[in-house]
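Some notes on the structure that comes next.
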Amino acid sequence: MAPHGHTNQARSGQRAALFMAGVGVFWVLVTLLGTEYGWSMRTRALFDLAALAGFGFALWQTYRLWRARQNEKGDS
């Protein structure tokens with residue numbers, strides 16, 4: 001058995017969590033910058049959609065990780 005946190009699944013989970021946190025930080029910073037510099041609503045919406053796509057991708061990754069763990073349990 002691999003040490004805790006050093007399996008491929010653990011690394012995949014850590015990557016998904018870091019990606020999700022990074023998207024959240026990006027979204028907050030872009031929102032603050034847009035407010036500060038008076039960007040148009042169209043520009044802000046573009047960044048909102050980019051953040052939504054990032055969160056959707058992170059959700060897809062966590063779903064794939066969950067399915068891989070479920071399949072592993074069934075094989076045991």
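Determine the pairs where a residue that is within 12 Å of M20 (Cβ to Cβ), located within region 48-76, has a partner that is of a type in the set (F, W, Y) with Cβ atoms under 6 Å apart, the partner being 6 or more residues away or on another chain.
A51/W27; A58/F19
Which pairs do you get when a residue that is under 15 Å from Y63 (Cα atoms), found in region 1-16, comes within reach of a residue that is at pLDDT 85 or above and surrounded by 10 or more Cβ atoms within 10 Å (Cβ to Cβ), reach meaning Cβ atoms under 6 angstrom, with the pair 6+ apart or on two chains?
Short answer, once both residue conditions are applied: S12/L65; G13/L65; A16/A58; A16/Q61; A16/T62.
Quick check on my filter: what residues within region 7-19 are out of contact with any Gly (no Cβ under 8 Å at 6 or more places or on another chain) and either of a type in the set (A, V, I, L, M, F, W, C) or under 10 Å from F55 (Cα atoms) (or both)?
A10, A16, A17, L18
For (1) within 21 Å of Q14 (Cβ to Cβ); (2) acidic (D, E), each residue gets a yes or a no:
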| residue | (1), (2) |
| --- | --- |
| V28 | no, no |
| L33 | no, no |
| Y37 | no, no |
| M41 | no, no |
| G54 | yes, no |
| Q70 | yes, no |
| D75 | no, yes |
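From the list T62, T35, which one is assigned to a helix (DSSP H, G or I) and open to solvent by less than 70 Å² (accessible area, probe 1.4 Å)?
T62
Could you say whether any residue in region 20-40 is more than 10 Å from the chain's Cα centre (by Cα) and in contact (Cβ under 8 Å) with a residue 24 or more places away in the chain?
yes
Can you name the condition, by its number, that A16 falls short on among (1) touching a Ser or Thr at 6+ places or on another chain (Cβ under 6 Å); (2) of a type outside the set (F, W, Y); (3) open to solvent by 60 Å² or more (accessible area, probe 1.4 Å)?
(3)
The values are calculated or read from the model by the stated rules, or taken from the named source; none is laboratory data. This structure is a prediction, so every number in the text was calculated from the model and none was measured. Don't worry about glycine lacking a Cβ; one is built from the backbone with ideal geometry, like all the others, and counts go over all protein chains shown. With ligands, DNA and RNA removed, areas are computed over all heavy atoms of the protein, side chains included. Shrake-Rupley method; radii C 1.70, N 1.55, O 1.52, S 1.80 Å.
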